[in-house]
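**Q** Questions regarding the structure given below will be posed in turn.
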Amino acid sequence: MRVAAVVVAGGRGVRFGGPKQFLPFGGSTVAAHAVATARSVAETVILVTPASYDGDGEGADIVVTGGDTRSASVRAGLAEVGDATIVVIHDAARPLASAALFERVVAGVRDGADAVIPALAISDTIKRVAGDVVVETVPREGLVTVQTPQAFNLASLRAAHARGDDATDDAALVEATGGRVLTVAGEYGNIKITEPGDERRLGQGRSAMRIGHGYDVHRVSDDPARELWLGLVHLPQGPGLVGHSDADVATHALCDALLGAAGLGDLGRHFPDTDASLAGVSSRVLLEGVLARLRDAHYRVMSADITIVAERPKLAPFMPAMSDELSAVVGVPVSVKATTTEGLDAIGRGEGLAASAVVLLEEIQ
């Protein structure tokens, strides 16, 4: 299945005060970086530019002039994709999207989706306002923010654009035609330049890397009704684990690794088991709280790897779901593995479960 990419650089940068996509960055330009990463999955890269563009193409194979709206610019690019069957649409103002993110969205379309888009969980409280007056608090469950690159079955995207409608992203047009749109984990480092000053974050965001390790262990409960949660996934095999929260040992190990890498102590320091309000709390809440603390400390997660140690139950059928759930919250792929102790020690006797995690953080100055 041949892949083409359309890098949309047709904006005039009204809010920014000029065409931000052609600012100098990393020895070339913002748009050139977006084009180079798009090439990691695409045989042909089309750059869509404003009419005033007089550059060298930023490394793209084809350069076309965009329209008055983003959707019109995408349609100009789609006219040049040739015999591709999958097309990736990417905003030129996002130069830090990784090649792995491009690969994830393309893989989802190869597996049969009409569209695959990167998404990030929302950790902030959402308010609807009228002017400066709060009208209501909007439940954030089920809400995500989305990014580019977005990958599409070309036939589905062309059918969506044939209606001539405009949207802030192409997935919205496919949704409107009843297409099947799936999400994959986005990247917190996939910054979009929008306002003046945003460009400084690109050059200042790669100053230091920090490695963290976390370990946790919980006893198996004597209560057969206690639910078993691992990696934010409910396992039907019980009983669950003893703990003040839901005792999700895998997520707790991940939280400790994240906090340790940032020098922020351990999970018990931030969410003590003496806090009655946390009794039975979901480890998803704890993980979201840890990630909020990392952002406040100017760190973002680059990668994470978890190993669960359990004699039983068999975890292989559940590990893909664990990886998906954790990745969606963390914003980067989270690898989940499992092993046993070959019947040795308390874990081997089935008296408990343990987990260890290793993470890599990037400091944002």
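Since every read-out is calculated from the coordinates, none of them should be taken as a lab result. As the structure is a prediction and not an experimental result, all values here were calculated from the model. In this analysis, Cβ positions are derived from the backbone assuming ideal geometry, glycine residues included, and neighbour counts consider all displayed protein chains.
**Q** So what are the ³J(HN,Hα) numbers for segment 165-182, from phi and the Karplus equation (6.51, -1.76, 1.60; θ = phi - 60°), rounded to whole Hz, Gly and Pro as x?
**A** 7, 10, 7, 6, 9, 6, 4, 4, 5, 5, 4, 5, 9, x, x, 8, 10, 10
**Q** I would also like to ask the following. Have a look at the DSSP beta bridges in segment 3-204 and tell me what percent are antiparallel, nearest 5.
**A** 45
**Q** In µm²/s, what is D for the chain at 37 °C and 0.692 mPa s, where D = kT/(6 pi eta Rh) by Stokes-Einstein and Rh is the Kirkwood radius from Cα pairs?
**A** 148
**Q** To continue, here is another question. Counting every Cα pair in segment 52-191, what percent are over 26 Å apart?
**A** 31
**Q** Here is a further query. Rounded to the nearest 5, what % of the DSSP beta bridges within the chain are antiparallel ones?
**A** Beta bridges within the chain, antiparallel portion: roughly 60 percent.
**Q** Step through the residues of segment 211-218 one at a time and calculate ³J(HN,Hα) from phi using the Karplus curve (6.51 cos²θ - 1.76 cosθ + 1.60, θ = phi - 60°), rounding each to whole Hz and writing x for Gly and Pro.
**A** 9, x, 10, x, 9, 8, 9, 9
**Q** Suppose R0 equals 56 Å. What FRET efficiency, 1/(1 + (r/R0)^6) with r the Cβ-Cβ distance, do Met1 and His298 give to the nearest 0.05?
**A** E(calc), rounded to 0.05, equals 0.90.
**Q** Another one. ³J(HN,Hα) across segment 21-29 via Karplus (A = 6.51, B = -1.76, C = 1.60, θ = phi - 60°), whole Hz, x for Gly/Pro?
**A** 5, 10, 5, x, 7, x, x, 9, 9
**Q** In units of 2.2 N^0.38 Å, what is the alpha-carbon radius of gyration of segment 208-363?
**A** 0.98
**Q** Find the relative contact order for the chain and round it to a whole percent, using C-alpha pairs within less than 8 Å whose residues are 6+ positions apart.
**A** 16
**Q** I need Ser277, Ser71 ordered by Cβ neighbour count within 10 Å, fewest first.
**A** So the ranking, lowest neighbour count to highest, is Ser277, Ser71.
**Q** What ranking of Leu264, Leu232 emerges when the number of other C-beta atoms within 10 Å of each C-beta is taken as an exposure proxy, fewest first?
**A** Leu264, Leu232
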